[in-house]
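A quick write-up on the structure given underneath.
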Amino acid sequence: MEWNTNKAVKELPEIIAKSFQKEADYLYEDLQTNRLSVILIPAPKPSFSNHKIRIAESHNPEWYSTQYHFYSHFKRKRCTKALDRIRKNKDRDYKTNPFRYDARMRELILTRLVEGYVFEGTEIYPNQNVKKYFNKSIDDYIGEN
């Protein structure tokens, strides 16, 4: 049986697994350092005394915001733990709930590695080793979850 995103990264060839771990490490650090922060500032056109508005001081990473809006009840803490497991090669197969986030993060990583992505206006190209290994459609490797 071939690998899909419901299976642990350690079941992949070492060079491919290392690419997944490296990307998980990047996403983990990105999530740790970038978080939504909202502050109150005086309203530009106050309607009453002491009128303030909310403004985002910093934002979540774009990839995280996409996951948050795509999956209902998406939890930052569970996402962080899943990425940490993947980067440390301790992720587990998804069969029941505890490791659903591992599968979701593997799916995200697979897509980023095979298709590439844009980061702050710069195109990050696909990882050619990973793309070559997964030479069929990504949809063939997405597990049911």
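The values are calculated or read from the model by the stated rules, or taken from the named source; none is laboratory data. None of the values given here were measured: they were computed from a predicted structure. As a convention, Cβ positions derive from the backbone with ideal geometry for all residues, glycine included, and neighbour counts pool all protein chains shown. In case anyone asks, the SASA skips ligands and DNA or RNA and just uses the protein heavy atoms, side chains included. Shrake-Rupley method; radii C 1.70, N 1.55, O 1.52, S 1.80 Å.
Values for this structure:
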| quantity | calculated |
| --- | --- |
| Heavy-atom SASA rank of LYS22, LYS131 (probe 1.4 Å, accessible area, largest first) | LYS22, LYS131 |
| Net charge contributed by nearby residues that have their C-beta within less than 13 Å of ASN34 (K/R +1, D/E -1) | -3 |
| Helix axis angle, 14-33 relative to the chain longest principal axis, alpha carbon, degrees | 10 |
| Whether region 54-140 is rounded, prolate or oblate, judged on the alpha carbon gyration tensor where a/c under 1.5 counts as rounded | oblate |
| At 1.002 mPa s and 20 °C, Stokes D of region 1-127 from Kirkwood alpha-carbon radius, µm² per second | 131 |
| Region 80-140, accessible area per residue, ligands and nucleic acids excluded (1.4 Å, Å²) | 61 |
| LEU83 accessible area, assembled protein chains, probe 1.4 Å, Å² | 0 |
| Gyration tensor (Cα) of region 19-68, equivalent ellipsoid semi-axes in angstrom | 36, 9, 5 |
| Range in the chain, longest, excluding exposed GluC sites (Glu not before Pro) [loop by DSSP; at most 13 other beta-carbon atoms within 10 Å] | 3-119 |
| ILE142 paired with LYS81, simple spin-label distance in nm, labels 7 Å along Cα-to-beta-carbon | 2.5 |
| Amide H contacts of ILE124 (H built 1.01 Å from N, under 5 Å, at least 5 apart or other chain) | TYR117, VAL118, PHE119 |
| Gain in span if fully extended, SER37 to LYS52, counting 0.36 nm per residue against the direct Cα distance | 3.8 nm |
| Residue-level accessible surface for HIS73, protein heavy atoms, 1.4 Å, Å² | 150 |
| Rounded to whole Hz, the Karplus (6.51, -1.76, 1.60) HN-Hα couplings of region 63-76, x for glycine and proline | 4, 5, 4, 4, 4, 4, 7, 7, 9, 6, 6, 6, 10, 4 |
